[in-house]
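As structure tokens, the structure follows; a few thoughts come after it.
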Amino acid sequence: MPNPNLPAPGKYRAALRRALSLTETTKHLEWETVEGGRFDFVAGQFVSMTRVRDGDEHTRAYSLASAPRADAGFDLCLNRVPGGLFSNYLCDLAPGAIVDFSGPHGFFILRQPIERDLVFIATGTGIAPIRGMLEALFAPGAALDREAWLLFGVRYRETILYREEFERLAAREPRFHFVPTLSRAASDWTGERGHVQEQLRARFAGRRDFDAYVCGLKAMVDDVRKILKEGFGLDRRQIHYEKYD
Ligand SMILES: Cc1cc2nc3c(=O)[nH]c(=O)nc-3n(C[C@H](O)[C@H](O)[C@H](O)COP(=O)(O)OP(=O)(O)OC[C@H]3O[C@@H](n4cnc5c(N)ncnc54)[C@H](O)[C@@H]3O)c2cc1C
């Protein structure tokens, strides 16, 4: 059933304006909507991108990695999946390339009003919708009176996506706490080690007074939901998630 608070999905065409390599296998892509009218969305939603190849139409979902901005452009953050049809196609595009998409889709959005602390939990490119939500939460003039934590799990220091951006945000906003955790840290890494699940237990066990937003591959999301529900006793309405497979 359509949610009256969310923009209705439509069909659009976007031009790639900028492509940045965040790691050897991850790209940040900035798009401008060039056909279909103004593309409105809420931070955290996703688009369905389309590619016609050998007469067959392929579509894949990608989370919007930015908050809505005045020019109605948007960012994506995506990983090359080995042998993957769509992720490699998008990662190989050069600025100027045109892609059709539909959207916005999905319900992984910040629930308003914000009445509890927020714990964002992401692994890998699961950071994409959460980056958009954080941009919206800490936009100029948006006064958050709760604490917000980002537990971000990746393997190596070099693969902490948007690291400088989150560090700058944490330095600027006393209510934002950035906790990158590495599952394969080098010996000189002085930050957190292990998986997001361990950080969650270490920092929040015994608390029920927060809302959680979880995004990444299915195994992590299922595991975190179980900890939050069965371990901590959170109500399911406090747990919001998006799974990537
Ligand atoms: C709601 C939603 C939002 C998504 N947002 C993003 C996003 O923001 N960024 C992003 O990078 N991806 C995102 N994805 C995943 C994305 O839609 C594709 O599944 C992914 O890009 C792989 O597509 P492909 O065509 O390259 O691989 P395919 O050709 O479809 O698959 C190749 C093989 O790789 C496996 N595979 C698929 N995905 C992965 C993976 N992530 N890791 C390891 N193996 C995999 C498949 O099972 C298959 O065996 C999202 C998925 C959903 C459902």
Between 70, 61, 15, find the one with the highest GNM mean-square fluctuation for the chain; connect C-alpha pairs within less than 10 Å.
70
Please list, ordered by chain and number, the residues whose modelled amide H lies under 5 Å from the amide H of residue 25; skip anything fewer than 5 residues away on the same chain.
none
What's the Cα-based Rg to Rh of the chain, Rh via Kirkwood?
0.96
Helix 163-172: angle to the longest alpha-carbon principal axis of the chain, degrees 0 to 90, nearest 10?
60 degrees
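Net charge around residue 21, counting only other residues with Cβ within less than 15 Å of its Cβ (Lys, Arg = +1; Asp, Glu = -1)? Please list the in-between numbers first.
Details: positive: 18, 27, 80, 163; negative: 24, 30, 75, 92, 158, 164.
My count for the surroundings of residue 21 gives -2.
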In whole Hz, the Karplus estimates of ³J(HN,Hα) for region 229-245 (6.51, -1.76, 1.60; θ = phi - 60°; x where Gly or Pro) are 7, 7, x, 9, x, 5, 6, 4, 6, 8, 10, 10, 8, 9, 10, 8, 8
In nanometres, the difference between 0.36 nm per residue of separation and the alpha-carbon distance of residue 164 and residue 245 is 26.4 nm
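Net charge near residue 101, counting Lys/Arg +1 and Asp/Glu -1 over other residues with Cβ under 9 Å of its Cβ? Don't skip to the end; give the middle numbers.
Values: positive: 11, 13; negative: 100.
Result for the local shell: +1.
Just check region 10-105 against the gyration tensor rule for me: Cα atoms, a ≥ b ≥ c as the square roots of the eigenvalues, rounded for a/c under 1.5, and otherwise prolate or oblate depending on whether a/b exceeds b/c. Please report the intermediate quantities before stating the final value.
Details: a/c = 1.60, a/b = 1.21, b/c = 1.32.
Oblate.
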Assertion target for 28, 177, 58, ordered by fewest C-beta neighbours within 10 angstrom first, is 58, 177, 28
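Every number in this text was worked out from the coordinates using simple rules, so none of it is lab data. Nothing here was measured: the structure is a model prediction, and the numbers come from that model. Methodologically, a virtual Cβ is constructed for each residue, glycine included, from the backbone with ideal geometry; neighbour enumeration extends over all protein chains shown.
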